[in-house]
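As structure tokens, the structure follows; a few thoughts come after it.
The values are calculated or read from the model by the stated rules, or taken from the named source; none is laboratory data. Everything numeric here is computed off the predicted structure, so don't read it as measured data. So basically every Cβ, Gly included, is an ideal-geometry build from the backbone, and we count neighbours across all protein chains shown. These accessible areas exclude ligands, DNA and RNA; they are computed on the full protein's heavy atoms, side chains included. Shrake-Rupley method; radii C 1.70, N 1.55, O 1.52, S 1.80 Å.
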Amino acid sequence: QGSFVVFGTVKSIVDEGPWWYSACVCGKSIQPQSGAYYCDFCQHYVTIVTPRYMIKIAIEDDNGHGIFVLFDREAAYLWKKSCADLFGEVQKDAS
């Protein structure tokens with residue numbers, strides 16, 4: 001395990017699976033359980049749930065290709081808006 005720098009070209013966004021997840025304020029993924037959200041990391045029920053990016057992208061360089069995941073910080077930097085802001089815009093447009 002470690003940090004690596006990859007220089008490559010983004011070929012596509014992988015449209016398989018979800019592009020976001022529900023997160024606790026600690027940033028960890030949470031799933032609904034019996035009509036409520038429980039954070040295993042914080043070990044308590046969560047009342048504030050935040051959507052966060054989890055975008056899969058296909059990257060290629062001279063040596064090969066692979067699938068990488070842009071999580072919330074990196075995706076928000078590229079799109080210049082948080083996932084929560086994007087959800088807010090979609091809900092406003094739907095009204």
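List of remarks:
- For residue 28, the shell of other residues with beta-carbons less than 12 Å away shows a net charge of -1, using +1 for Lys and Arg and -1 for Asp and Glu.
- Solvent-accessible area per residue for the chain (1.4 angstrom probe, square angstrom): 79
- Evaluating 6.51 cos²θ - 1.76 cosθ + 1.60 at θ = phi - 60° for every residue in the range 13-23, the Karplus couplings come out as 9, 7, 9, 8, x, x, 9, 8, 9, 7, 10 Hz, glycine and proline recorded as x.
- Full extension of the chain segment joining residue 87 with residue 71 gains 4.2 nm, where the gain is 0.36 nm per residue of separation less the Cα-Cα distance.
- Under Karplus coefficients 6.51, -1.76 and 1.60, residue-wise ³J(HN,Hα) of the range 57-72 in Hz, glycine/proline x: 10, 8, 10, 9, 9, 5, 9, x, 8, x, 9, 10, 10, 8, 8, 4
- Given charges at Cβ of Lys, Arg, Asp, Glu: the chain dipole, positive-most of 35, 64, 78: 35
- The count of lysine pairs in the chain whose Cα atoms are under 25 Å apart, excluding pairs fewer than 8 places apart on the same chain, comes to 10.
- Structure-based [θ]222 nm, the chain - -39500 (n - 2.57) summed over DSSP H runs of at least 4, per residue, nearest 500: -6000 deg cm²/dmol
- For the chain, size of Cβ-based charge dipole, Lys and Arg +1, Asp and Glu -1, in debye: 300
- Surface composition of the range 1-60: carbon and sulfur make up 53 percent of the accessible area, probe 1.4 Å.
- Ranked from largest to smallest solvent-accessible area, with a 1.4 Å probe on the protein heavy atoms, 78, 86 come out as 78, 86.
- For the chain, the calculated P(r), taken from all Cα-Cα distances in 10 Å bins from zero up to the bin holding the longest distance, is 14, 36, 33, 14, 3 percent.
- Close amide-amide hydrogen proximity is noted between residue 20 and 54, each under 5 Å apart and 5 or more residues distant or on a separate chain (H modeled in the peptide plane; Pro and chain starts excluded).
- Summing charges over neighbours of residue 8, with a neighbour being any other residue whose Cβ is under 9 Å away from its Cβ, gives -2 when K and R count +1 and D and E count -1.
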